[in-house]
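**Q** Have a look at this one before I ask anything.
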2 protein chains.
Amino acid sequence: MNNKLTLGIFGFGVVGQGLHDIIKTKNLNLAIKRFVIKHPEKKRTLPAELFTTDANAVLDDPEINTIVELIDDADAAFDIVSRALQSGKNVVSANKKMIATHLAELIALQHEHGTSLLYEGAVCGSIPIIRNLEEYYDNELLHAVTGIFNGSSNYILSKIFNENLPYATALRQAQDLGFAETDPTLDVGGFDPKFKLAIVASHAYGLYVSPEAILNIGIDKLSASDIQFAREKNFKIKLIPTAREINDTSVVLYVMPKLVSPENILYNVENEYNGVLVKAAFADEQFFYGKGAGGHPTGSAVLSDIAALRYGYRYEYKKHIDANGIAYSTDWELEVYLRYEDENLIERLGFTSISERYYAENYKYIIGKIKLDNILKNRAVIDQKGLFIAEIA
Amino acid sequence: MNNKLTLGIFGFGVVGQGLHDIIKTKNLNLAIKRFVIKHPEKKRTLPAELFTTDANAVLDDPEINTIVELIDDADAAFDIVSRALQSGKNVVSANKKMIATHLAELIALQHEHGTSLLYEGAVCGSIPIIRNLEEYYDNELLHAVTGIFNGSSNYILSKIFNENLPYATALRQAQDLGFAETDPTLDVGGFDPKFKLAIVASHAYGLYVSPEAILNIGIDKLSASDIQFAREKNFKIKLIPTAREINDTSVVLYVMPKLVSPENILYNVENEYNGVLVKAAFADEQFFYGKGAGGHPTGSAVLSDIAALRYGYRYEYKKHIDANGIAYSTDWELEVYLRYEDENLIERLGFTSISERYYAENYKYIIGKIKLDNILKNRAVIDQKGLFIAEIA
């Protein structure tokens, strides 16, 4: 079974172009019929008849059996993808926000209409983590899945720790190189890795958790004092999403900066690279590393999905079916470093134990244990100027 | 389609036991009917009726539809596996030597009899590299696949470089811990990683190359001088199998010690861990890391294969079908470090260029470029006491 695919592609940005570059070098039994774009006035490198601004021209074209959705706008993307799935077309998407936010609905649509939605490119670019969770770790008990899921913030942190740049300079450099958006909040605020974590959790643990229910703390409040603290202890700071089975029935999910020691394999994941660390009961520690973004790396993941659709491949969400009462939990204690200004805050946050305190005129920190629940409840307080929190391994 | 599997397992060593441990914790729609063992007098942890010494009792049992082959003896293993494939049973094997040596025959048998042979556990234990090459990089142009494929020699090299142990002591420690055999030649001589390399080459490039045609140089001639040389230059020595596309129609394959710098991701792969580094045209650099051996890590790979057989999974060797005239070549120039004693040898080896020479009473070395052809031709000379050769990146 190798079905000929006729593709309609939404978006002709860096991934869409990368994909076109890849497809034209191959004899893959697939053809791109039409790109849907938003700005017809832009100069394109391909013939004009390949482009349209009319989504319906593609969604209603019976010859097009496969939709590739590569646009930024998550709401518009959801509209496109759900219409496509309903009309019997299979879909490949790389839109992490859209998928994480609508996961349960998208799975229901696939079941109802017998269509398939694949999205390897949405999670860690080129790294085939979803496929491996689906196909290879489907019978494995996974203790934890962590890693570096966001290339922009990792690039910034690498510049800070390896080249002594201050945060603002590193951010600007990342923006100049196209690794970070003009509004970098999605990345440095930890939202982007949170969307990816929510998607990973569905394949690793069968959990469909709304991103809104998951804690994300970013690196945007990182100060020179925090950097010096980490350096003196021989740590690097990395932005780490964590999915961890804390007992037979509970999984915690959160995104937080973490003080990472040189023994940790994530310590050496630098710049725009991503890494996924899977701790499994039988396979033990498994690590996947590759480029987290960019037209060709993400394009290669999208192409692998397209190629798999030729053979009728679909995700089975087996862990969800076998979930055996596993539920999302926030009842978990973390050890953290917290830089703060206002002494009253410490009581409010309710540290369960404190192992270190430091006071100086311009720099105060505390190291201690705190419940994830409490961090979530006080998210708005923690996420303000003057504070920085990071997990200690 | 989820077929009930009834298993006959050859071998009840560390992997067979690991597999049994895993299966009993799961509800996988599969059952182990019988283990075939060689030594009935050994005390077993399971009921006696689960064991037999009679291979035919399993191979001729029509109820058993799946054979799991986990024995050491490559000739006996080939006999078992080919009989099973001929009689309509699917097979999972972890026997790298047997598979590498008989690959073309085994593929022909599968085609002829419509059966499936899977062997993820044969290559780098827990790391799902074969599955990813088959399923995920099937449309990728792969520039190179390299890595650390042998846990025993890597354990020895880690002890040497991280704990300053001499080679002999490190080897003994590896043997005491069960990481190396009493006769360690297969591992430290580079044969085991060569078998794995030959298997990888079939999935990465569609090449079926007899292991005998592939150069393997091991680490068993490593001396204190070589170690000191590497240390002074801030290198570690690792045993590295390489598959590399040198042009549109040629792929080189060889196993050789390599001087690895800290920037190389393989530098940090230590002890019994394995790592596979894939350089792909579009996905760029991809790295897979995990335990290379042991009952549970290898057992988990074997189990993934068994689970995939329930869904009728088989390798397609797509790269072989699409090979487009790609052939194995040895026409390639390497830069090497060579410690030697006999001055005459240098001429015989035919260095094409020399960039460094060093002479002292007890230690002479040369750094230069040499053809892979020439190394292969002079394999017996190079592989003797007093010489050590390593590739320089």
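Laboratory data are not the source of any read-out in this text; all were calculated from the coordinates shown. The structure displayed is predicted, hence computed values, not measured ones. Note that we place each Cβ from the backbone using ideal geometry, even for glycine, and neighbour counts take in every protein chain shown.
**Q** Give me the Debye-computed log₁₀ of I(q)/I(0) at q = 0.07 Å⁻¹ for the protein assembly as shown, equal point scatterers on Cα only, no solvent, two decimals.
**A** -0.55
**Q** Inter-copy label distances at residue B:356, 7 Å along the Cα→beta-carbon direction, one decimal in nm, shortest first?
**A** When each copy's label point is compared with this one, the spacings are 4.1 nm.
**Q** Step through the table entries B:221/B:377; B:24/B:97; A:236/A:369; B:196/B:318, compare each Cα-Cα distance with 25 Å, and write down the pairs that go over it.
**A** The answer is B:24/B:97.
**Q** In a shell of Cβ-Cβ distance under 15 Å around residue B:112, excluding residue B:112 itself, what net charge do Lys and Arg (+1) and Asp and Glu (-1) give?
**A** It works out to a net charge of +2.
**Q** Once you keep just the Cα pairs under 8 angstrom separated by 6 or more residues, what percentage relative contact order results for chain B? Don't jump to the answer; show the numbers that get you there.
**A** Working: 817 pairs, mean separation 72.1, N = 393.
Relative contact order of chain B: 18 percent.
**Q** Let me ask you something else. Working from the pairwise distances between different alpha carbons, so that the mean of 1/r is found and then inverted, what is chain A's Kirkwood radius in Å?
**A** That comes to 21.9 Å for chain A.
**Q** Report the net charge of residues surrounding residue B:310, where surrounding means a beta-carbon distance below 11 angstrom and charges are Lys +1, Arg +1, Asp -1, Glu -1.
**A** Working: positive: B:4; negative: A:138, B:305.
Local charge sum for residue B:310: -1.
**Q** Mind checking the alpha-carbon convex hull of region A:185-307 and giving the volume per residue in Å³?
**A** In region A:185-307, the Cα hull volume divided by residue count equals 143 Å³.
**Q** Taking residue B:291 as the anchor, which aspartates and glutamates have their alpha carbon closer than 14 Å to its alpha carbon, excluding any fewer than eight residues away along the same chain?
**A** A:284, A:285, B:120, B:270, B:272
**Q** Looking only at B:219, B:366, B:156, which one moves most when chain B is put into a Gaussian network model with springs between Cα atoms under 10 Å?
**A** Result for chain B, Cα springs under 10 Å: B:366 fluctuates most.
**Q** Does region A:244-393 come out rounded, prolate or oblate, given a ≥ b ≥ c as the square roots of the eigenvalues of its C-alpha gyration tensor, rounded meaning a/c under 1.5 and, failing that, prolate meaning a/b above b/c? Display every interim value, and only then the final one.
**A** Working: a/c = 2.42, a/b = 1.73, b/c = 1.40.
Cα axes put region A:244-393 in the prolate bin.
**Q** Now for a different question. Largest first and in whole Å, what are the equivalent-ellipsoid semi-axes of region A:352-393 based on the Cα gyration tensor, each being the root of 5 times an eigenvalue?
**A** In descending order, the three semi-axes are 18, 15, 8 Å.
**Q** Right, something else. What ranking do B:103-111, B:331-339, A:194-202, B:43-51 get when scored by the average of other Cβ atoms within 10 Å per residue, highest first?
**A** Numbers: B:103-111: 16.6, B:331-339: 18.2, A:194-202: 26.6, B:43-51: 10.2.
Highest to lowest by the protection proxy: A:194-202, B:331-339, B:103-111, B:43-51.
**Q** Which residue fluctuates the most in chain A, going by a Gaussian network model with Cα springs under 10 Å, if the choices are A:356, A:341, A:63?
**A** A:356
**Q** List the distances, in nm and shortest first, from the label point of residue A:104 to the matching label points in every other copy, placing each point 7 Å from Cα along the Cα-to-Cβ direction.
**A** Counterpart label points of residue A:104 in the remaining copies fall at 5.7 nm.
**Q** Then there's this: Give the percent of DSSP beta bridges with both residues in the protein assembly as shown that are antiparallel, rounded to the nearest 5.
**A** 65 percent
**Q** When only Cα pairs under 8 Å and 6 or more residues apart are kept, what is the percent relative contact order across region A:1-109?
**A** 27 percent
**Q** What nm distance separates the two modelled labels at residue A:363 and residue B:248, each placed 7 Å from Cα along Cα→Cβ?
**A** Between residue A:363 and residue B:248, the label points sit 5.9 nm apart.
**Q** If you don't mind, there's one more thing I want to ask. State, to one decimal in nm and shortest first, how far the label point of residue B:172 sits from each corresponding label point in the other identical copies (label point: 7 angstrom along Cα-to-Cβ).
**A** Going from nearest to farthest copy, the values are 6.1 nm.
**Q** Compute the angle between helix B:151-163 and the longest alpha-carbon principal axis of chain B, please, reported from 0 to 90 degrees and rounded to the nearest 10.
**A** Rounded to the nearest ten degrees, it is 40.
**Q** Counting each pair of different Cα atoms once, what's the Kirkwood radius of region A:47-143 in Å, rounded to one decimal?
**A** 14.5 Å
**Q** Grab the eigenvalues of the alpha-carbon gyration tensor for region A:87-243, scale each by 5, take roots, and send me the semi-axes largest first in whole angstrom.
**A** They are 33, 17, 13 Å, listed largest first.
**Q** With a/c under 1.5 counting as rounded, go ahead and sort region B:95-138 into rounded, prolate or oblate using the C-alpha gyration tensor (a ≥ b ≥ c being the square roots of the eigenvalues; past the cut-off, prolate if a/b is larger than b/c, else oblate).
**A** Taking the square roots of the gyration eigenvalues as a ≥ b ≥ c, region B:95-138 is oblate.
**Q** So what is the calculated 222 nm ellipticity per residue for chain B, using -39500 (n - 2.57) for each DSSP H run with n of 4 or more, over all residues, to the nearest 500 deg cm²/dmol?
**A** Result for chain B: -10000 deg cm²/dmol, rounded to the nearest 500.
**Q** Pick from B:264, B:274, B:132 the residue whose mean-square fluctuation is largest in a GNM of chain B, springs joining Cα atoms under 10 Å.
**A** B:264
**Q** While we're here: Of B:182, B:250, B:107, which is farthest along the charge dipole of chain B in the positive direction, counting Lys and Arg as +1 and Asp and Glu as -1 at C-beta?
**A** Result: B:182, furthest along the dipole toward the positive end.
**Q** What do you get for the angle between helix B:191-204 and the principal long axis of chain B? Use alpha-carbon atoms, 0 to 90 degrees, nearest ten.
**A** Helix B:191-204 sits roughly 70 degrees off the main axis of chain B.
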